[in-house]
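Engineer: This is the structure I want to talk about, given as structure tokens.
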Amino acid sequence: MEEQRTAERTAVVLPSLNPTDRLTSTVDGLLKAGFAQIVLVDDGSRDDTRRYFEAAAVRPEVTLLRHEVNRGKGAAMKTAFAWLLEHRPDCAGVVTVDGDGQHHPEDALACARKMLEENRLILGCRDFSLPEVPPKSRMGNRLTRTVLRIFCGLAVSDTQTGLRAIPMEYLPKLAAVSGDRYEYETNMLLSLRDLEIPWGEVKIRTIYLEGNQESHFYPVRDSWRIYRLILARFFRYTLSSLVSAAADAGLFALLSALLAGRVAGTALTAAAAMGARTLSSLLNFTLNRRLVFPGGAPLDRALGRYYALALPLLLAQFLLTEGAFRAAHIGDRQTLLRTVVYAGVMAALFVGSYVIQRRWVFSRKERERKH
């Protein structure tokens, strides 16, 4: 009885391109599970595959929407979301399902049930350690999961899952997320924290039919779109850091040359590093706050945390730089070598600083939204 109420309150979004008879079995399975509202989107399929859509549309529970040309999975999902927001605003939520048979109806129901219980976006996550998982899928998910966790702070078990249950209240925000093809699903994940949408996971069956041959995922093109999104913020951080590093190294070289006749040894390194870092850090903070982590913590809190991080980093860089100078027997007047070593040490602290700034300095929340 509870499962029936869950299915009746949840709409299914089913985008499809050039389907086979598996689309028919998918729709049949969803109807058998109790789902009473299925929005099927034909994303510009070939004429010879239209019969599968027409057969499904005969069912009174199925609404068929159509793109005249292929626009991408993300665009198809948005078309369904817009239709539901206009015509079915009383739905409790939606669950997105792929039409190639890889999502079991009972798993869709389990995701919908957890969504309603916790009012969170729920990801249906597969187990990639199983032997039936194609090697390229296993390695691809492992790599993407690692990159997503390091650079975006999202610990997602299945980065490419298409089975997602979304509470209706969050649908307008997610419908406005950019992306028309496979990158839209990644962008949705990346937007969860900024949109303040809580999320969770449900373990689902791991189904790969015939080596996933029906997938319309193009490894090079679509992977580039996905990784470009994941690493976009890090690229901006890199640019900001390069600009700041150039200013820092230039100032260090200038101050080292100007102070070389007045102070020596450790005092020279400390004075040049302090002056260079003070000015370059202000530049770096401004660039990071405006270009890399916009919309984050308030200015006063972010600035305080930035320097709470910058000062230990400065001390670490000073100790490592001075240690390298002594180990390599670099004298006070060897400005070029001193600058090269200084920049090298700064690069070694690069990624760790990014992670701390993303998770703490510019974070708008004190803790993760996932519980």
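Engineer: Please list, in order along segment 274-291, the HN-Hα scalar couplings obtained from phi with the Karplus expression 6.51 cos²θ - 1.76 cosθ + 1.60 (θ = phi - 60°), rounded to whole Hz, x for Gly and Pro.
Structural biologist: Here the 3J(HN,Hα) series is 5, x, 5, 5, 4, 6, 5, 5, 5, 5, 5, 4, 5, 5, 5, 5, 8, 10 Hz.
Engineer: Still on this structure: Using a 7 Å offset from the Cα along the Cα-to-Cβ direction at both Glu54 and Ala246, what is the distance between the two label points in nm, to one decimal?
Structural biologist: A separation of 6.2 nm, rounded to one decimal place.
Engineer: Please state the charge dipole magnitude for segment 78-174, taken about the Cα centre, from unit charges on C-beta atoms (+1 on K and R, -1 on D and E), reported in debye and rounded to the nearest 20.
Structural biologist: Numbers: 13 positive and 12 negative charges, 97 e Å.
In debye, rounded to 20, segment 78-174 gives about 460.
Engineer: In addition: Arg66's amide H: which non-local residues (gap 5+, or another chain) put their own amide H closer than 5 Å, with H modeled 1.01 Å from N in plane and none for Pro or chain starts?
Structural biologist: Answer set, sorted by chain and number: Asp42.
Engineer: Moving on to the next point. Determine the gain in length on full extension of the stretch Lys173-Val340; use 0.36 nm per residue of separation and subtract their C-alpha separation, reporting nm with one decimal. Kindly include the intermediate steps, with their values, before the conclusion.
Structural biologist: Working: separation 167, 0.36 × 167 = 60.12 nm, distance 4.71 nm.
Taking 0.36 nm per residue and subtracting the Cα distance, the gain is 55.4 nm.
Engineer: Under the 0.36 nm per residue contour assumption, what length would be gained going from the current alpha-carbon distance of Val69 and Glu8 to full extension?
Structural biologist: Details: separation 61, 0.36 × 61 = 21.96 nm, distance 3.17 nm.
Here the segment from Val69 to Glu8 would lengthen by 18.8 nm.
Engineer: Please name whichever of Gly344, Ser241, Ala112 sits farthest to the positive end of the charge dipole of the chain, dipole taken about the Cα centre and charges placed at Cβ: Lys and Arg +1, Asp and Glu -1.
Structural biologist: Working it through, the farthest residue towards the positive pole turns out to be Gly344.
Engineer: Using a Förster distance of 22 Å, how high is the FRET efficiency between Ser129 and Ile150, based on the Cβ-Cβ distance and rounded to 0.05?
Structural biologist: Efficiency for this residue pair is about 0.60.
Engineer: Separate question: Considering the options Leu190, Ser178, Gly200, tell which one lies farthest towards the positive end of the dipole of segment 167-210, charges being +1 on Lys and Arg and -1 on Asp and Glu at the Cβ, about the Cα centre.
Structural biologist: Gly200
Engineer: Between segment 14-50 and segment 172-198, how many Å separate their Cα centres?
Structural biologist: The distance from the Cα centre of segment 14-50 to that of segment 172-198 comes to 24 Å.
Engineer: Where q = 0.15, 0.17, 0.21 Å⁻¹, what log10 of I(q)/I(0) comes from the Debye formula for segment 42-162, counting one point per Cα?
Structural biologist: Calculated log10 I(q)/I(0) at the listed q: -0.94, -1.14, -1.37.
Engineer: Let me ask something else about it. Evaluate the relative contact order of the chain (contact order divided by residue number), counting alpha-carbon pairs under 8 angstrom at least 6 apart; express in whole percent. Could you put the intermediate results ahead of the total?
Structural biologist: Working: 529 pairs, mean separation 54.9, N = 371.
It rounds to 15 percent for the chain.
Engineer: Which of the peptides 55-63, 185-193 is most tightly packed, and how do the rest follow, going by the mean number of other Cβ atoms within 10 Å of each residue?
Structural biologist: Values: 55-63: 15.1, 185-193: 21.0.
Ranking, from highest mean packing down: 185-193, 55-63.
Engineer: Whole-Hz ³J(HN,Hα) for each residue in segment 138-151, computed from phi via Karplus 6.51 cos²θ - 1.76 cosθ + 1.60 with θ = phi - 60°, x for glycine and proline: what do you get?
Structural biologist: Values per residue, Gly and Pro as x: 4, 5, x, 5, 4, 5, 5, 4, 5, 4, 5, 6, 5, 8 Hz.
Engineer: Antiparallel versus total DSSP beta bridges in the chain: what percent is that, nearest 5? Please report the intermediate quantities before stating the final value.
Structural biologist: Numbers: 6 of 26 bridges.
Around 25 percent of the beta bridges assigned by DSSP in the chain are antiparallel ones.
Engineer: Sticking with this structure for a sec: How much length is gained if the chain between Arg46 and Thr266 is pulled fully straight, taking 0.36 nm per residue apart and subtracting their Cα-Cα distance, in nm to one decimal? Don't skip to the end; give the middle numbers.
Structural biologist: Working: separation 220, 0.36 × 220 = 79.20 nm, distance 7.27 nm.
Taking Arg46 through Thr266 to full extension adds about 71.9 nm, to one decimal.
Engineer: Further question: Summing -39500 (n - 2.57) over the DSSP H runs of n ≥ 4 in the chain and dividing by its residue number, what mean residue ellipticity at 222 nm do you reach, to the nearest 500 deg cm²/dmol?
Structural biologist: Numbers: 14 runs with 203 residues, N = 371.
My calculation for the chain gives -18000 deg cm²/dmol from helical runs alone.
Engineer: Working from Cα positions, state the angle (0 to 90°, nearest 10) between the long axis of helix 105-118 and the longest principal axis of the chain.
Structural biologist: Once rounded, the angle reads 60 degrees.
Engineer: Here is a follow-up. Taking amide H positions as placed in the peptide plane 1.01 Å from N, state which residues far from Glu201 in sequence (5 or more) or on other chains have amide H under 5 Å from it.
Structural biologist: Amide H neighbours of Glu201: Leu123.
Engineer: Would you work out the charge dipole size for the chain about its Cα centre, treating the Cβ of every Lys and Arg as +1 and the Cβ of every Asp and Glu as -1, and quote it to the nearest 20 debye? Write down the numbers at each step before the final one.
Structural biologist: Numbers: 49 positive and 39 negative charges, 350 e Å.
My answer is approximately 1680 debye.
Engineer: Using alpha-carbon positions, what is the distance between the centroids of segment 275-344 and segment 76-123, in Å?
Structural biologist: For segment 275-344 versus segment 76-123, the Cα centre distance is 47 Å.
Engineer: Then there's this: Can you tell me the dipole magnitude for segment 29-92 around its Cα centre, using point charges on the Cβ only (Lys, Arg +1; Asp, Glu -1), in Debye to the nearest 20? Please list the in-between numbers first.
Structural biologist: On the way: 10 positive and 9 negative charges, 31 e Å.
It works out to roughly 140 debye.
Engineer: Work out from phi, with θ = phi - 60° and the Karplus expression 6.51 cos²θ - 1.76 cosθ + 1.60, the ³J(HN,Hα) of each residue of segment 10-17, listed in order in whole Hz, and give x for Gly and Pro.
Structural biologist: Listing the rounded values in order: 10, 8, 9, 9, 10, x, 8, 9 Hz.
Engineer: Dividing the alpha-carbon radius of gyration of segment 260-335 by 2.2 N^0.38 Å (N being the number of residues), what value is obtained?
Structural biologist: Values: Rg = 15.6 Å, N = 76, 2.2 N^0.38 = 11.4 Å.
Compared with the compact-globule rule of thumb, segment 260-335 sits at 1.37.
Engineer: When only alpha-carbon atoms count, how far does segment 2-230 stretch along each of its three principal axes, as whole angstroms with the largest first?
Structural biologist: The Cα atoms of segment 2-230 stretch 46, 38, 32 Å along the principal axes, largest first.
Engineer: Any idea how far apart Asp28 and Arg138 come out in nm if each label point goes 7 Å out from Cα toward Cβ?
Structural biologist: Here the modelled spin labels are 3.3 nm apart.
Engineer: I need the calculated FRET efficiency for the pair Thr20 and Asp90, taking r as the beta carbon distance and R₀ as 41 Å, to the nearest 0.05. Walk me through the numbers before you get to the answer.
Structural biologist: Details: r = 34 Å, r/R0 = 0.82.
Here the calculated transfer efficiency is 0.75.
Engineer: Amide H to amide H under 5 Å from Thr206: which residues, 5+ apart in sequence or cross-chain, H placed 1.01 Å off N in plane?
Structural biologist: When sequence neighbours closer than 5 places are left aside, the close amide H contacts are Asp127.
None of the figures in this text is laboratory data; all of them are computed from the coordinates on show. Since the model is a prediction, treat every value here as computed from it, not as a measurement. With ideal geometry, Cβ positions are generated from the backbone for all residues, glycine too; neighbour counts draw on all protein chains shown.
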